[in-house]
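Below is one structure, written out as structure tokens; comments come after it.
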Amino acid sequence: MRKLLLVGVLLAFAAAAAIGASAILDLELESVALLGAAMGAVIALVPDRTLLTRIVGFASGFVIAWFGYIVRAAWMPDTSAGRAVAAAIVVFACVAVVAATLERIPLWAPLLGAGAFAGAYEFTYNVAPPELMTTSVSTATTMLFNVGVGLLAGVLAGPGSARTTVAGRHGGRVPEQATSLDDILEHTK
């Protein structure tokens, strides 16, 4: 419970600090401060694969979604069907990353990255699609700064603090007597 409170407090301060720094330095980070910090924290806190793998997965999805907006602006009609095809392309590309890495990158990580970029950029894109090259760069840098803040907060206060895997609980190995998933789960309690 204390670790949860520590993570929460650190994330709250990190998001508030990002917004405060943004106001002082006129960085315009406020619109995605909480979204970015939350995404960074998720990357840090989910105990699935290594932190580097999770970051690479997130980054790949982020870039895929960014490319999806470029495809959408260049070749898709500005209709529901065009948006649907662009979204499908992004999801298939995220799945392709996971397949290409033989599932070393978990599917949730590129999907999280794609969702983060889309969540931060969709409104801005809809206001001025022709300005994609400038507005997308601005959104991406702002979002990535806030993701970094959340990631740092999550790593500092998190489970690794988040290295709590079945093997991690037993000094890097699962006990020899564990022969099934139920045995492994029983030994992790």
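Is region 1-119 best put as rounded, prolate or oblate by its Cα gyration tensor, with a ≥ b ≥ c the root eigenvalues, rounded for a/c under 1.5, and otherwise prolate when a/b is larger than b/c, oblate when not? Oblate shape, in that a/c is at least 1.5 and b/c is the bigger or equal ratio.
Could you work out the relative contact order of region 1-156? I mean the mean sequence separation of Cα pairs under 8 Å and 6+ apart, divided by the number of residues, in percent. Computed value for region 1-156: 41 percent relative contact order. A probe of 1.4 angstrom, applied to the heavy atoms of all protein chains, finds Glu131 with accessible area near 100 square angstrom. The listed residues Phe67, Phe123, Phe62 rank as Phe123, Phe67, Phe62 when sorted by accessible area, largest first, using a 1.4 Å probe. Quick check: at a probe of 1.4 Å, how many percent of the accessible area of region 6-149 sits on carbon and sulfur atoms? Exposed carbon and sulfur together represent 76 percent of the surface.
On full extension, the segment bounded by Ala99 and Asp78 gains 4.5 nm, given 0.36 nm per residue less the C-alpha separation.
Ranking of Val127, Val7, Val137 by solvent-accessible surface, largest first: Val127, Val137, Val7 (1.4 Å probe, protein heavy atoms only, all chains present). Of the listed residues Ile105, Ile24, the order by accessible area with a 1.4 Å probe, largest first, is Ile24, Ile105.
The values are calculated or read from the model by the stated rules, or taken from the named source; none is laboratory data. This is a predicted model, so every value here is computed, not measured. Remember, those area values only see protein heavy atoms, side chains included, never the ligands or the DNA or RNA. Shrake-Rupley method; radii C 1.70, N 1.55, O 1.52, S 1.80 Å.
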